[in-house]
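Data first, discussion second: the structure below is written as structure tokens.
Values in this text are rule-based calculations from the coordinates and carry no lab data. Note that the structure is a prediction, hence the values are computed from the model and not measured. Backbone-built Cβ (ideal geometry, glycine too); neighbour counts: all protein chains shown.
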Amino acid sequence: MSDRPSTPLLDRIAGPADMRGMSDSELKRLAGELRADVIHAVSQTGGHLGAGLGVVELTVALHAVFDTPRDRLIWDVSHQCYPHKVLTGRRDRMNTLRQKDGLSGFTKRSESPFDPFGAAHSSTSISAALGFSVARDLGGSPEHGLGDAIAVIGDGAMSAGMAYEAMNNAGHLGKRLIVILNDNEMSIAPPVGAMSAYLSRLYAGAPFQEFKALAKGAVSFLPPPFQEGARRAKELVKGMTVGGTLFEELGFSYIGPIDGHDLDQILPILRTVKSRATGPVLIHAITQKGKGYAPAEHAADRGHARGKFDVVTGAQAKAKSNAPSYTSVFAKALLAHGAEDDKVVAVTAAMPDGTGLNLFAERYPSRCFDVGIAEQHGVTFSAGLAAGGMKPFCALYSTFLQRGYDQVVHDVAIQRLPVRFAIDRAGLVGADGATHAGAFDVAFLANLPGFTVMAAADEAELMHMVATAVAHDEGPIAFRFPRGEGVGVELPAKGVPLEIGKGRMVREGSGVAILSFGTRLSEVETACEGLAARGITPTVADARFAKPLDRDLILALARDHDALITIEEGAIGGFGSHVAQLLAEEGVFDTGLKYRSMVLPDIFIDQASPADMYAVAGLNASDIEAKVLEVMGLGQIGKRA
């Protein structure tokens, strides 16, 4: 790892107020030092690199021109906020980024007054900024900011419908609001759709560098003597480029495109907008993801997310594993079924690499669809595919499936359409923290009539669940699996369909039965090893299905044991709640059965390693061992190190 770079100007910055007396030339040098500092910091911790490097100049300019935190600066998605954190008093904690008790990888209200709104899901910034603007005009309390509201939104985030709902409302209200479209032609994956094409046309017709002195759409901000000449110049440019017609129709004054790395353009425009804007304004800035760091600039994802890396070479330090990741197992299983059945199609929302569907897209490009950051559309699009006779696999992270829940209910479940939901990143995910935890999908899917909900205990089970989903045409079906590597079990040559609603026995025992749903099964096995040393041999079963439940298995476990414990990587209201409902309906509790349900606690758990997060949740092997002893009346034991 390289030494920390020399940053004499940055060393003088305790907060944005220290930047406001700097000359423009000093701000340019500060931007260079800031970029080097961010590269060094992320090389030590890992994290989202490319997006932050792309907004270094914008970050410097915004904090130099606007009176943050009185002016509210909202980042969208906010993984580009690392330069912002450095400039707002958190530089000395950047070595804790995305670690337990450290800085969040996103903006977070509880972390700093300079983070007025938390964001780790996309396309929320304009809605939030409009809310701040209206609160300001209605006399909101001074401690919540009475200045401008500025939303910085990426072009990928701008593809989601929520951004346009907000812009439509903002244009109608006419409130002073500043939106900066950070257009780097790439979100996590290359952007897709008509919006991407529209943005490309805005600057493809003529090199915008030739017109960098001309802020199209900013005519109303100019002193009156210059307005007529500016209008004529604008008409000239309109003949050469498309112009921001869409944004203007939504009620925004459109300025751009401008070079988002040229402070000679950015600073005068921001100053003019700050001094003269009366209604909503959109500034369209062209940036380069990974700007200024060659290994990121040349990477396929422009350095979006990185583990710890060597600054000189860009080489990442990655731990080797003997087991494949769950995502890769899913991807290869889907490929195999796609080869046998041309009705198998795949849908994702801007996460082809993250969900493994990039492999399916390479092999079957006409059967793989990246809908952009548009989960609502992706779910209903999948419903239409199913209604049309295809076998759609809608592959989403658990945390992002939440964004399409109305469509899951209304367009899929009520119509009993056989959409196959492949739910990646189930459970606690580590460094991305609470915003990306897959905590709620079992609870919000298993309560829907006609839904089949599965969870894989290991990578071999995942292969069987993919096969089960392919064969299932009786209604919607979902299967969930975690982030990271599998447990290392031997994989079958091909998955085979499971009997719907049937679990499996893992080990026979007595006294206490443990019914596991999902990959906590490996922790149950470890707990059983510790219990065996005490002469305790629980029965262990893998439920496989949260819906429909294996009634015969559950009732047999309840009948033949003094106590039953369920365990899952999900929130209250999920698998354990359904088991409790069954036991209550059958009158099992009247027999004296002791029942315990181990679930994620009713809190949002901050980022840490997955093992540390599960320790907070009380779902590791030592916690399971302690729960067995407690239910047997043998008292608590201390957690093993």
Response to the item:
Rounded to 0.05, the calculated FRET efficiency for the beta carbons of LYS308 and THR591 at R₀ = 41 Å is 0.15
Practice prompt. Using packing as a proxy for protection, rank 550-561, 464-475 so that the peptide with the highest average count of other Cβ atoms within 10 Å comes first.
Written response: 464-475, 550-561
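Could you rank the peptides 504-516, 302-314 by their average count of other C-beta atoms within 10 Å per residue, with the highest value first?
On the way: 504-516: 19.2, 302-314: 17.7.
By packing density, highest mean first, the sequence is 504-516, 302-314.
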Worksheet entry | Relative contact order (%) - criterion: Cα under 8 Å, at least six apart; region: segment 512-641 | 28
Discussion item. Please rank CYS394, CYS81, fewest neighbouring Cβ atoms within 10 Å first, as an exposure proxy.
Written reply: CYS81, CYS394
Discussion item. Let me check I've understood the local charge: for HIS472, count other residues with C-beta under 14 angstrom from its C-beta, Lys and Arg +1, Asp and Glu -1. What total comes out?
Written reply: +3
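What value, in deg cm²/dmol to 500, does the helix sum -39500 (n - 2.57) over DSSP H runs of n ≥ 4 give at 222 nm once divided by the residues of the chain? Show your work: numbers first, answer last.
Working: 22 runs with 225 residues, N = 641.
It comes out at -10500 deg cm²/dmol, rounded to the nearest 500.
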Practice prompt. Order the peptides 15-24, 563-572 from the highest to the lowest mean number of other Cβ atoms within 10 Å of their residues.
Written response: 563-572, 15-24
